[in-house]
1. How big is the charge dipole of the protein assembly as shown about its Cα centre, in debye rounded to the nearest 20, if each Lys and Arg gets +1 on its Cβ and each Asp and Glu gets -1 on its Cβ?
2. Taking loop as defined by DSSP and a crowding limit of 14 other beta carbons within 10 Å, which trypsin sites (Lys or Arg not before Pro) in the stretch A:1-79 fit?
3. Under a point spin-label approximation (7 Å from Cα along Cα-to-Cβ), what is the B:LYS137-A:LEU259 distance to one decimal in nm?
4. Can you list which of the trypsin sites (Lys or Arg not before Pro) found in the stretch A:140-245 are DSSP loop residues with at most 16 other C-beta atoms within 10 Å?
5. Please list A:LYS124, A:LYS261 in order of solvent-accessible area, largest first, computed with a 1.4 Å probe with all protein chains present.
6. Can you work out ³J(HN,Hα) from phi for every residue in the stretch A:13-21, in order, using Karplus 6.51 cos²θ - 1.76 cosθ + 1.60 and θ = phi - 60°, giving whole Hz and x for Gly and Pro?
7. Over all directions, what mean area does the Cα convex hull of the protein assembly as shown project, stated in square nanometres?
8. Please name whichever of A:PRO238, A:ILE119, A:TYR80 sits farthest to the positive end of the charge dipole of chain A, dipole taken about the Cα centre and charges placed at Cβ: Lys and Arg +1, Asp and Glu -1.
Amino acid sequence: MFDDFMVRAALAGLGVAFAAAPLGCFVIWRRMAYFGDATAHAAILGVALSLLLSTSLFVGVLLVSLLMATLVSLLNGRGYAMDTLLGVMAHSALAFGLVAVSFSSGVRIDLTAYLFGDILAVGKDDLALIGTGALLVTSLVGWRWSALLTATLDADLARASGIDPRREQWVLTLSLAIVVAVALKVVGALLITALLIIPAAAARPFCRTPEAMALLTALIGAASTTGGLQTAYWLDTPTGPTIVSLAAILFALSGLAGLFKRRIVGATSSAGVHP
Amino acid sequence: MPLLSIDDLHVALGGQTVLQGIDLHLDRGEIVTLVGPNGSGKSTLLRTIIGAVRPAGGRLVRQTGLTIGYVPQRLAIDATLPMTVTRFLNLPRRHPLQAIRQALEQAGIPGLGQQQVADLSGGQFQRVLLTRALLDKPDLLLLDEATQGLDHRGTADFYRQIASVRRDLGCAVLMVSHELHVVMRATDRVVCLNRHICCQGTPERVVSSPAYQALFGPDTDDALALYHHDRDRHAPPVDMAAPQPTETSRLEASP
């Protein structure tokens, strides 16, 4: 069954969706949306470097993403605001990456494949990599779940319970770098953040606990990737953008439903106050 | 061996000395209150004890295996994070549902378990924070102005609960408070802090000490007067027909 490129694409999409779901939730809860963006931009520099040094693409992207994340964590709180730092790092990594790519002019590189991904070209090796990465990230996040949540609530609260919030931040950063490296092939560097935050944002209005939100995020992500894949096939549109567009439509629907729900709840509770 | 031994502790934040020469020892079953003006390093001392601030010098030894219950001064839970009270109480360690129900009842907020934490009032949230700290059966309870947002009744209930917790768990309590007159009755020892320890001892001794008076001004006599007044009062029947001057108005009237 792995011989069918559509099956491989669907499995790759599902793997990324499941790995991205809990991380996307944390990205939203910790207001780290730009962090995902910056890591993804840095991935382009990783692509360029691994092409220049002819190492594995995955390793190059992973290393650069990790380096970026570590630098940002170290520099944070030393005279620069977080968003400034991320802006500087993200775009300079992207610029250096594009410059570096031009040095390897001997080889023809289709940069759009890395910017927008090419899920239909996922091979068996890629699939194994995505599967391993997804498994690694979900087990890492699952293992640290309670500590990560406590550290997300409040750093001091975590410390008092014997949890080191900086270590948890590092776990999160590491997982994010892995997901970016793994998802590069599927949706590309420009749209990875979308796959991280849009399903999680769409899940928020319907959840009462963090676990429920992570689960619903995974379902919405899975629906977006498989649905987007089908839609792109029917309409003959680029696959990555179609997946993200579908996720965005689900987000809009969820926002409307959330608004409607709140209005009903608001109406009944105000009716209770003024009988 | 004391639960917590602090010797000659020195803490600097951003190159500025915030605490110096702090000696503090806490034993099981003790209730100690930290008082001091704004910026005197009270919260920093608590944050140093939980390990959020690294001391620049001195010794801070916690008994091995010490469980700390911490109620921070402020905690904002992001609205993007869905969290029921029950789930919050289970972080990071899970507790049986029965224990949680019972704990909420003891805190005077039964039936709040399924509420979203973000929807709680300030007073309710403060009680939830204390409940969470107590569920871990701490050896040391650290309270940083934990009665913020509680009304008079709530504050009284809160200190009553602290007293019973000390009795039941035998834990030590170290709390920061501004409500001198209330805290005086609930505490064994008062430590007056202003970057260094100005004075410490029983509530009566601290309040009458010159160092304390210099920090808080002479009107703090009223706090002590009120303290004695409240403690010595044998609940005389209040004549509702003739309006009695309230304690606050009496305080304001005194020169």
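The values are calculated or read from the model by the stated rules, or taken from the named source; none is laboratory data. What you are looking at is a predicted structure, and each value in this text was computed from that prediction instead of being measured. Backbone-built Cβ (ideal geometry, glycine too); neighbour counts: all protein chains shown. Note: accessible area is taken over every heavy atom of the protein model, side chains too, but ligands, DNA and RNA are not part of it. Shrake-Rupley method; radii C 1.70, N 1.55, O 1.52, S 1.80 Å.
1. Details: 41 positive and 40 negative charges, 126 e Å.
So the magnitude is around 600 debye.
2. Working: sites: A:ARG8, A:ARG30, A:ARG31, A:ARG78; in loops: A:ARG30, A:ARG31, A:ARG78.
Hits after loop and neighbour filter: A:ARG31, A:ARG78.
3. Here the answer is 5.2 nm between the modelled labels.
4. Numbers: sites: A:ARG144, A:ARG159, A:ARG166, A:ARG167, A:LYS185, A:ARG208; in loops: A:ARG208.
Qualifying residues, ordered by number: A:ARG208.
5. On the way: A:LYS124 115, A:LYS261 95 Å².
Largest accessible area first, the residues go A:LYS124, A:LYS261.
6. Values, residue by residue: x, 5, x, 5, 4, 5, 5, 6, 4 Hz.
7. Details: hull surface 129.8 nm².
That works out to 32.4 nm², a quarter of the Cα hull's surface.
8. A:TYR80
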